[in-house]
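Visitor: Quick one: this structure, given as structure tokens, is what I'll be asking you about.
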Amino acid sequence: MSGELHGVIVAPGERLDQRVETRAPYVVEVNGVKVATTVGMVSQREGKSVFIPLKGVYVPEPGHIIIGLVESIGVSSWGVDIGSPYQATLSAQDFLGRPFNPAVDDLSRFLRVGDYVRAKVVAFDKTRSPLLSVQGEGLGRIISGVIVEVSPAKIPRVIGKKRSMVEALEAKTGCSVFPAVNGRVHIDCPSRELEVIAVLAVKLIDREAHRVGLTEKVIRFIEDERKARGV
Amino acid sequence: MSITPFKMPVIPIIKKQAYLSLYEKGLREDGRRLDKPRNIEVKVGVLEKAEGSALVKLGNTQVLVGVKAEVGQPFKDTPDQGVLVVHAESVPLASPIFEPGPPDENAIELARVVDRSLREVKAVDLESLVIRAGEKVWNLWVDIYVLDHDGNLFDASMLAAMAALETTTLRDYEELETGEIVVKRESPGAKLKVNHKVVTVTTAKIGNYIIVDPNFEEEIIADYRLVLAFDENMRIVGAQKTGSGGMTLKDFKTALKTSKEVAQIYFKALEQALTSGSTQWAEQK
Amino acid sequence: MGGKPKTMLIGEDGLRHDGRKPDEMRPIKMQVGVLANASGSAIVEYGRTRVLAAVYGPREPHQRFMVLPDRAILRVRYHMAPFSTSERKSPAPSRREIELSKVIREALEDVVLLSEYPRTAIDVYLEVLQADGGTRVAGVTAASLALADAGVPMKALVAGVAVGKVGGILVLDVDELEDSKGEADMPVAAAPDIGLVTMFQLNGVLSEDELERGLSMALTAIENIVSMEKEALKRKFEAIGEEV
């Protein structure tokens, strides 16, 4: 048994309810008519028509908490892939929280290429690279667990209404689950077996985000897997 | 790989606005109307070593075409036809946007549009180019040389190619006992057989306007250009939309109507050049 | 091939050499999300013509100078596989492929919301796996699907079809035989939702009336193909979960 759809799937170029709620660039006005620009789902929520993209490109915004992958090390900053068209920059001064001297400090001692960081986007306007900061609670180098990549458009579903999905995931697997808005989910588990199950559960959400009854399905999936694997 | 142009010269915004407000009055920067081409100058026989040649000026745009005829082999699938090859070079002296090197996509597109417009209507009688079927035929090389680029290379190149082909002669030759063909380079030769005359007319969509024969700046600010090829019977013998913008059916019909009128002007200029060796056409103001 | 009878292309029953009516398309198949690595992908078949499309990006190009400050650039490569044709095609890009890459890029630029991603590049790679006429227009259809599959925002979907003239009759969706032996081949692409023709070429000879009739024949067919595109895109998501 599989859930029915949450709403109606629409394709690019299709007309939408003129009062539809969404954000740019998923709906644009062409010749005075609102049309979808990506594949998405229109559902009715409290009498309102809402468009949710099913696929999309992550574009950073100041305030976003993201998970980045260190790709390069410069003289005074790191180049960080944030799963977006734009590579982000994390300055050494910000990371160290103190003035930085390139003659004394070797950046690769703090963050290496291949390290993940949880960081906050502090500036971005499409004309310059996004600027990151790790000053804040819970930010900084990720030292344990795994990262699962999902479509950024599906992150709201991984979180769930009022965090219901994340809480279900955490309660049923015993892992800590952090879905970052840029499509990366950090999972930290007490054991490898539970980690495998949590990863599969997140991938299930990514695949079936547009279906009804997903939370129950995910819970059942985790319970079945735990039984089958004896954990 | 084809890439969105990212090095094009910047046209000042106020200049585009100035163009648009002139169009609204039915005028262009140089005083002509939206549906009129620039001054046309066609000269034929401008080169001695080429078997056919023409120089065309369309406003400030200058295109030189030389036709070389060489004895060669036919293609395997067309043993009873000569070979026609159209090639275009954007030589760096013609524009700051041209760089040395092999032809880019614009030069290739130019050559291929001219080629198709000639080939599909069989403008050149390729059967008459056979020397010995399946073995020896004339290969006609039509080389388009852009000397000065101020827009509308399609129309200027097509006019020059047509004028050059119309004045092309195939030299006399001797067939040796070995079967070898020896061309007598200095002989008067015989006129190339041309079945149809072809011109292209380019219109451009800028703002809400369709203008004919765009200059370089107009090409840069245009959404797209439409190139339509006509033969002397006003059949459409080729077409190409070039540029990134989309075209409405209404604009297509407007462009087709304007292009037919301008084709007559081009044909007249071509005709005069062929009877008197050169011609100059300018709009009567 | 002037002079030779063309009866083989249009039979006495008014049908084409493969039994199609003049305004009939070949069977069309399309599927999205067929490649794992690409941001978006699609495979499209018009009869025996088969084109695979992959989209990468938007992404910052390796050559950082190759960008525009206010929009993304589109990079399109149309390429024929060596085994796609009767005689092996050299894999080196031909002049034809260079021109077609350009006209396909221009057929897409007006519908993709490039201004959303300044300083980036969106790459569209097309591989013709089998060529039996209409490869560029099937390529536009595949590219449009792959862009939508990649989540690149678009004002409208685009599709293409070629109208030809054989034995004096206008025919829809020409195959290779009709293209090589016919009197005209007119590849057209359009975005019917916004009423724009985005690719328009003519190789051959047509009267003004034929040109206009051929164009409207193509546009009617393109509306249908775009509907199929929408179905194919929705199908991908509707199918997910049902087999579980």
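Visitor: Look at the range C:115-132 and say how many of its residues are open to solvent by 10 Å² or more (accessible area, probe 1.4 Å) and either within 12 Å of the chain's Cα centre (by Cα) or of a type in the set (A, V, I, L, M) (or both).
Guide: Qualifying residue count for the region: 3.
Visitor: So which of A:VAL27, A:VAL8, A:VAL35, A:VAL39 ends up being within 12 Å of chain C (Cβ to nearest Cβ), farther than 19 Å from C:THR120 by Cβ and open to solvent by 60 Å² or more (accessible area, probe 1.4 Å)?
Guide: So the residue among A:VAL27, A:VAL8, A:VAL35, A:VAL39 that is within 12 Å of chain C (Cβ to nearest Cβ), farther than 19 Å from C:THR120 by Cβ and open to solvent by 60 Å² or more (accessible area, probe 1.4 Å) is A:VAL8.
Visitor: Is it fair to say A:LYS126 is touching a Lys or Arg at 6+ places or on another chain (Cβ under 8 Å), touching a residue at least 24 places away in the same chain (Cβ under 8 Å) and not polar (S, T, N, Q)?
Guide: yes
Visitor: Considering B:GLY26, B:GLY52, B:GLY59, B:GLY82, which residue is surrounded by fewer than 19 Cβ atoms within 10 Å (Cβ to Cβ) and of a type in the set (Gly, Ala, Ser)?
Guide: Unique residue meeting the criteria: B:GLY26.
Visitor: May I ask you to verify whether C:GLY139 is in contact with a Phe, Trp or Tyr (Cβ under 6 Å, 6 or more places away or on another chain) and either open to solvent by less than 10 Å² (accessible area, probe 1.4 Å) or at pLDDT 95 or above (or both)?
Guide: Taking the combined requirement at face value, the residue satisfies it.
Visitor: Just a yes or no: is a residue in the range B:206-225 part of a strand (DSSP E or B) and facing another protein chain (nearest Cβ under 9 Å)?
Guide: yes
Visitor: Please find, among C:MET217, C:MET199, C:MET186, the residue that is part of a helix (DSSP H, G or I) and crowded, with 20+ Cβ neighbours inside 10 Å.
Guide: Criteria check complete, one pass: C:MET217.
Visitor: Being closer than 22 Å to B:GLN62 by Cα, surrounded by 24 or more Cβ atoms within 10 Å (Cβ to Cβ), touching a residue at least 40 places away in the same chain (Cβ under 8 Å) and at the interface with chain C (Cβ under 9 Å from one of its Cβ atoms), is that true of even one residue in the range B:261-277?
Guide: No, the conditions are met nowhere in the range B:261-277.
Visitor: Can you tell me which condition B:GLU261 does not meet? The list is (1) closer than 21 Å to B:LEU118 by Cβ; (2) at pLDDT 95 or above, and all the others hold.
Guide: Tallying (1) closer than 21 Å to B:LEU118 by Cβ; (2) at pLDDT 95 or above, B:GLU261 fails exactly one: (1).
Visitor: Could you say which residue among C:MET66, C:MET8 is under 27 Å from B:GLU109 (Cα atoms), more than 18 Å from the chain's Cα centre (by Cα) and either of a type outside the set (S, T, N, Q) or part of a strand (DSSP E or B) (or both)?
Guide: C:MET66
Visitor: Could you look through the range B:97-115, keep only residues that are outside any loop (DSSP other than H, G, I, E, B) and among the aliphatic types (A, V, I, L, M), and pick out the one that is nearest to the other protein chains (Cβ to nearest Cβ)?
Guide: Top of the filtered list is B:ILE108.
Visitor: Further question: Collect the residues in the range C:55-98 that are crowded, with 20+ Cβ neighbours inside 10 Å and more than 13 Å from chain B (Cβ to nearest Cβ), keeping them in residue-number order.
Guide: Those that are crowded, with 20+ Cβ neighbours inside 10 Å and more than 13 Å from chain B (Cβ to nearest Cβ): C:VAL55, C:MET80.
Visitor: Among the candidates C:ARG105, C:ARG96, single out the residue that is under 13 Å from the mean Cα position of the chain (by Cα) and modelled with pLDDT of 95 or more. It would help to see each step written out before you state the result.
Guide: On the way: C:ARG96 fails: under 13 Å from the mean Cα position of the chain (by Cα).
Result of the check over C:ARG105, C:ARG96: C:ARG105.
Table: residues versus (1) of a type in the set (Asp, Glu); (2) touching an Asp or Glu at 6+ places or on another chain (Cβ under 9 Å).
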| site | (1), (2) |
| --- | --- |
| C:PRO93 | no, no |
| C:GLU99 | yes, yes |
| C:ARG136 | no, no |
| C:ALA146 | no, no |
| C:ALA156 | no, yes |
| C:VAL161 | no, yes |
| C:VAL166 | no, yes |
| C:ASP175 | yes, yes |
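Visitor: Which of the following residues is in a loop (DSSP other than H, G, I, E, B), open to solvent by 40 Å² or more (accessible area, probe 1.4 Å), within 14 Å of chain C (Cβ to nearest Cβ) and acidic (Asp, Glu): A:GLU61, A:GLU71?
Guide: Just one listed residue meets the conditions, A:GLU61.
Visitor: Does C:VAL171 qualify as being in a strand (DSSP E or B) and more than 24 Å from B:GLU109 (Cβ to Cβ)?
Guide: When the stated conditions are applied, C:VAL171 passes them.
Visitor: Moving on. Name the residues in the range C:82-93 that are among the small types (Gly, Ala, Ser) and more than 18 Å from the chain's Cα centre (by Cα), would you?
Guide: Hits for the range C:82-93 are C:SER86, C:SER90, C:ALA92.
This table checks each residue for (1) without any contact (Cβ under 8 Å) to a residue 60 or more places away in the chain; (2) of a type outside the set (D, E, K, R); (3) more than 7 Å from every other protein chain (Cβ to nearest Cβ).
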| position | (1), (2), (3) |
| --- | --- |
| C:ALA159 | no, yes, yes |
| C:GLY167 | no, yes, yes |
| C:VAL188 | yes, yes, yes |
| C:SER207 | yes, yes, no |
| C:GLU212 | yes, no, yes |
| C:GLU238 | yes, no, no |
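The values are calculated or read from the model by the stated rules, or taken from the named source; none is laboratory data. What you see is a predicted model, and the numbers here were worked out from it, not measured in a lab. When we count neighbours, we look across all protein chains shown, and the Cβ atoms used for this are built from the backbone with ideal geometry, even at glycine. All accessible areas refer to the heavy atoms of the entire protein, side chains included, with ligands and DNA or RNA removed. Shrake-Rupley method; radii C 1.70, N 1.55, O 1.52, S 1.80 Å.
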